[in-house]
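Data block below; observations after.
The values are calculated or read from the model by the stated rules, or taken from the named source; none is laboratory data. Only a predicted model underlies this, so the values are computations on that prediction, with no experimental measurement involved. When we count neighbours, we look across all protein chains shown, and the Cβ atoms used for this are built from the backbone with ideal geometry, even at glycine.
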Amino acid sequence: MKTIRKGLSLLFKTILLALLIATLTPILYFAWRMGKPLPQPEFKGLTYYQFFEWRKMATEDAIAKYMASHPDYKYTGIGDPMTACYSGNVLIMSFFEPAQALSYTVAALAGMMPDELHPLPTGVTLGNFMPKWWDTFEYLFWYNQIHLDSFGSLVAFCRIPSNIPTPEELETMKLQHQVSAIPMVFPRSLDKI
């Protein structure tokens with residue numbers, strides 16, 4: 001009886017360890033790859049993280065400009081304008097798009113071929129599954145962010161310019177954005193200076 005319990009306990013621990021590895025491996029792989037420059041020329045050498053950093057700054061600026069030019073406008077949506085404009089995009093790109101890319105990659109592994117509606121990767125094996133999954137995610141990311149021109153939002157205050165910066169221009173923008181944010185954060189203390 002003790003041998004059976006020990007065997008079941010070992011089997012249970014092995015299954016839990018395998019599930020933990022199967023869950024963490026893609027997360028860690030994607031987190032690592034998101035730090036590498038995106039290969040499409042439209043991204044101008046930005047990484048996934050840098051692209052969303054730029055997009056957040058551009059969205060904040062677009063909202064501020066819209067609110068300044070429309071002083072009578074009152075936002076009546078759920079949450080705040082930043083949530084409406086930016087957070088939904090991050091949620092989709094970070095959670096739903098990897099799942100869509102996974103389904104495309106699994107379908108290609110099962111032998112399905114790409115067609116006009118489904119950009120399935122080709123040559124998928126168990127040995128190259130993670131890189132093919134990433135490549136599919138990267139394609140879907142490019143398609144949704146650039147090809148579909150998601151910069152021209154239907155919501156007026158969410159529209160951001162489509163001029164994606166280079167990594168060097170992004171660093172300059174970050175400094176300018178920090179400097180321009182100081183008066184909004186400490187308006188009274190700066191008046192005394």
Over the stretch 159-170, the set of residues modelled with pLDDT of 90 or more and surrounded by 12 or more Cβ atoms within 10 Å (Cβ to Cβ) is ILE164, PRO165, THR166, PRO167, GLU169, LEU170
Answer yes or no as to whether GLY88 is surrounded by fewer than 16 Cβ atoms within 10 Å (Cβ to Cβ) and either more than 19 Å from the chain's Cα centre (by Cα) or in contact (Cβ under 8 Å) with a residue 12 or more places away in the chain (or both).
no
>> Against the condition over 17 Å from ASN144 (Cβ atoms), surrounded by fewer than 18 Cβ atoms within 10 Å (Cβ to Cβ) and either of a type in the set (D, E, K, R) or at pLDDT below 85 (or both), how does LYS44 come out, does it pass?
In response: no
Flagged pairs (Cβ under 6 angstrom, 6 or more apart or on separate chains; first in the stretch 1-30, in a helix (DSSP H, G or I); second among the hydrophobic types (A, V, I, L, M, F, W, C)) are TYR29/MET130
**Study point:** Any hit, the stretch 129-140, residues being within 22 Å of THR23 (Cα to Cα) and acidic (Asp, Glu)
**Key:** yes
Here the qualifying pairs (Cβ atoms under 7 Å; residues six or more apart or on different chains; first in the stretch 122-145 and hydroxyl-bearing (Ser, Thr, Tyr); second at pLDDT 90 or above) come out as THR122/ALA108; THR136/ALA101; THR136/TYR104; THR136/THR105; THR136/PRO121
Note: among ALA64, ALA107, ALA68, just one is over 19 Å from the mean Cα position of the chain (by Cα), free of Cβ contacts under 8 Å to residues at least 40 places away in the same chain, surrounded by 14 or more Cβ atoms within 10 Å (Cβ to Cβ) and over 22 Å from MET130 (Cα atoms), namely ALA64
Note on MET34: of the conditions (1) under 14 Å from ASN163 (Cα atoms); (2) touching a Ser or Thr at 6+ places or on another chain (Cβ under 8 Å); (3) of a type in the set (A, V, I, L, M), unmet is (1)
Counting only residues that are touching a helix residue (DSSP H, G or I) at 6+ places or on another chain (Cβ under 9 Å) and either more than 14 Å from PRO161 (Cβ to Cβ) or small (Gly, Ala, Ser) (or both), the stretch 57-78 contains a total of 9
Taking first residues from the stretch 160-180 that are part of a loop (DSSP other than H, G, I, E, B) and second residues anywhere that are among the polar types (S, T, N, Q) and at pLDDT below 95, the pairs with Cβ under 6 Å that are 6 or more apart or on different chains are ILE160/THR59
